[in-house]
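Asker: Structure incoming, see below.
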Amino acid sequence: MPGRLSAITVTTPQLVASATLRLDTPGMGFTEITAQAANFIAESSAGDGVLLLFVRHTSASLTIQENADPDVQTDLLAALDRLAPAEAPWIHDSEGSDDMPAHVKAMLSGVSLHVPVAGGALALGTWQGVYLIEHRRRPHRREVLLQFIGSRK
């Protein structure tokens with residue numbers, strides 16, 4: 001059965017809003033930033049458009065993932081460790097044995113996202129959350145750039 005397209009909505013961009021989210025990670029793992037992204041949208045008086053997120057680092061990444069069962073995050077971290085193990089014979093190791101695997105993991109999961117915004121709210125699915133993934137073992141200060149492009153509320 002072919003899919004059906006909903007009615008097309010046309011919006012002329014009226015607003016470009018930008019901010020930087022600075023956060024400290026506890027070390028390797030997922031840090032949910034959905035609430036901060038939603039707050040940025042609310043404070044920007046955003047209506048319909050798109051939220052762009054970009055992490056300014058090469059050993060951390062961004063993802064949209066399930067926010068209901070923390071076992072999903074545990075399994076995803078284990079899968080990334082299998083794809084880029086710290087004990088592999090990496091050439092680049094000047095910043096520690098977890099640095100090169102962190103670069104590979106960031107490349108695999110990506111450093112940017114876009115999230116549709118409808119009616120001033122993130123158009124995420126029921127079980128979706130926005131996360132920064134720290135790929136290094138020790139804590140780091142990370143920056144995520146947020147930019148909304150679209151209509152005013």
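The values are calculated or read from the model by the stated rules, or taken from the named source; none is laboratory data. Since this is a predicted model, take the numbers as computed values, not measurements. Positions of Cβ are generated from backbone atoms using ideal geometry, with glycine treated the same way; all protein chains shown enter the neighbour counts.
Asker: Out of SER59, SER44, SER18, I need the residue that is among the hydroxyl-bearing types (Ser, Thr, Tyr) and under 21 Å from MET107 (Cβ atoms). Which one?
Answerer: SER59
Asker: Under 20 Å from the mean Cα position of the chain (by Cα), closer than 19 Å to ALA37 by Cβ and assigned to a helix (DSSP H, G or I): is that true of GLN65 in this structure?
Answerer: In short, no.
Asker: Could you tell me which of the residues THR12, THR31 is in contact (Cβ under 8 Å) with a residue 60 or more places away in the chain, in a loop (DSSP other than H, G, I, E, B) and of a type outside the set (Lys, Arg)?
Answerer: Among THR12, THR31, only THR12 is in contact (Cβ under 8 Å) with a residue 60 or more places away in the chain, in a loop (DSSP other than H, G, I, E, B) and of a type outside the set (Lys, Arg).
Asker: Moving on to the next point. Considering ALA60, ALA46, which residue is modelled with pLDDT of 95 or more, within 24 Å of GLY125 (Cα to Cα), surrounded by 12 or more Cβ atoms within 10 Å (Cβ to Cβ) and out of contact with any His (no Cβ under 8 Å at 6 or more places or on another chain)? Write out each step before concluding.
Answerer: Numbers: ALA60 fails: out of contact with any His (no Cβ under 8 Å at 6 or more places or on another chain).
Only one candidate qualifies: ALA46.
Asker: Among LEU76, LEU124, which is part of a loop (DSSP other than H, G, I, E, B) and modelled with pLDDT of 95 or more? Reasoning before the result, please.
Answerer: Working: LEU76 fails: part of a loop (DSSP other than H, G, I, E, B).
Residue meeting the stated conditions: LEU124.
Asker: Could we say that VAL104 is of a type outside the set (Lys, Arg), surrounded by fewer than 19 Cβ atoms within 10 Å (Cβ to Cβ), touching a residue at least 40 places away in the same chain (Cβ under 8 Å) and over 27 Å from ILE8 (Cα atoms) here? Please lay out each step first, then the result.
Answerer: Working: of a type outside the set (Lys, Arg): yes; surrounded by fewer than 19 Cβ atoms within 10 Å (Cβ to Cβ): yes; touching a residue at least 40 places away in the same chain (Cβ under 8 Å): no; over 27 Å from ILE8 (Cα atoms): yes.
Taking the combined requirement at face value, the residue does not satisfy it.
Asker: Residue by residue through the stretch 107-127, note down the ones that are under 19 Å from ASP48 (Cα atoms), touching a residue at least 12 places away in the same chain (Cβ under 8 Å) and under 17 Å from the mean Cα position of the chain (by Cα).
Answerer: Scanning the stretch 107-127 gives LEU113, HIS114, VAL115, PRO116, VAL117, ALA121, LEU122, LEU124.
Asker: So which residues in the stretch 15-28 are assigned to a loop (DSSP other than H, G, I, E, B) and touching a Lys or Arg at 6+ places or on another chain (Cβ under 8 Å)?
Answerer: THR25, GLY27, MET28
Asker: HIS114 is checked against (1) in a strand (DSSP E or B); (2) surrounded by 15 or more Cβ atoms within 10 Å (Cβ to Cβ); (3) not basic (Lys, Arg) and fails just one. What number does that condition carry?
Answerer: Failed condition: (2).
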